[in-house]
Amino acid sequence: MAAMILPQVKTKAILRTPKSTSLRHMDHGILKICYFLKKESKILTCSRAASVLSHVIKGNNLCKEKVLHIELLQPTPILGSPEPLLHCMVKYLALASCMKSKDGKSSTSENVFVQSVILKLLIIWLSDCPNAVQCFLDSHSHLTYLLELVSSPTTTVGVRGLTAVLLGECVIYNKSNASGKDAYSIADAISQKVGFTSYFLKFDEMQKSHLFTSAKPFLPIKPLTRSTVASMDEIEYGRTEPSDEHCMLTSVFDSPFIYSLECLVADIREKMVEAHRSPKSQVTVVPADLEQQGEENDVDYIKRLKTFVEKHYHEIQASRDFGFMFLINALCQFSTSLE
């Protein structure tokens, strides 16, 4: 089932085709991927589709915006109205942590793989896409879940690191001014729930992990000589077979993705503390009285603004006069006491 959507060559070809043709093919491909994402009973198939979708939207903000408006219908009407695909992915991320194998036991390797794939998709999706960040933060439970996941002792170093990167994107790509959803609020929540020292430590642990350090760019092929053959024999003789879990995760932590993570981590380290240091008092808040009403024309709106300003001006002037008179009285009493 996943094999029909896995080939990356076709995906890259779609991105290189002219704009109109690309969008037509992309629409068909995205709908096909969303069909697999809808099958909650097959969470592994969902992760395969998520992997393909991450390749489709990578570096393509137009496609990110397009996928952002896709909604998936619930299996039964009683579960509620359709929800955005981005919200569904967070739900699948939570489901992956409790996924079990056929024998009823928890499958750690599959859980970690699915979580890593979905986190990779979300990181690519939110990267340099403020609208995706806003959609992600529309549900407060998403932020709460990430704050729990990044501190969970039962998750792996890689999952905690990717979660920390996703949280950082909610700060550095946040353009919202809404209370509780702005960059300051997210940074403050990270500081309160996790702590910046522990939070930044998640980056260090991930970057020191074997999966992160072992992913290196391919070296140029050397000419085949006796010395190179001998060295290859020594390498093959001393090499241990990687585990299935390692092979699965290596496909997630490829060299291009790791390079993008390094750039993101550098930006997050620089801008996270800066966002938290910016006090809320620096954020301009417009009182509700100053906003133009729905049926109010421009002339009436200007008159109301003028009245509002004059009223507050007189209040400020009166308070200044009162303060000045209080100061004069205090000085008079002080001079009298000296006499």
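Label-to-label distance, D138 versus H55, with points set 7 angstrom from Cα along the beta-carbon direction: 2.9 nm.
Ordering L264, L166 from the fewest to the most neighbouring beta carbons within 10 Å gives L264, L166. When each of H69, H276 is scored by the number of other beta-carbon atoms lying within 10 Å, the sequence from fewest to most is H69, H276.
Placing pseudo-labels 7 Å out from each Cα toward the beta carbon at N297 and H69 gives an inter-label distance of 3.4 nm.
In terms of packing, defined here as the mean over residues of other Cβ atoms within 10 angstrom, the peptides 130-136, 268-274, 49-55 line up highest first as 49-55, 130-136, 268-274. Overall shape: prolate for region 108-173, with the ratio a/c of the largest to smallest alpha carbon gyration tensor axis at 1.5 or above and a/b above b/c. Counting other Cβ atoms within 10 Å as a rough exposure proxy, the listed residues I302, I57 run I302, I57 from fewest neighbours to most. Taking label positions 7 Å along the Cα-Cβ direction at both C263 and H210, the computed distance is 3.0 nm, reported to one decimal.
Each reported figure results from applying straightforward, stated rules to the coordinates on display, with no laboratory input. Treat the numbers as computed from the prediction; the structure is a model and nothing was measured. In this analysis, Cβ positions are derived from the backbone assuming ideal geometry, glycine residues included, and neighbour counts consider all displayed protein chains.
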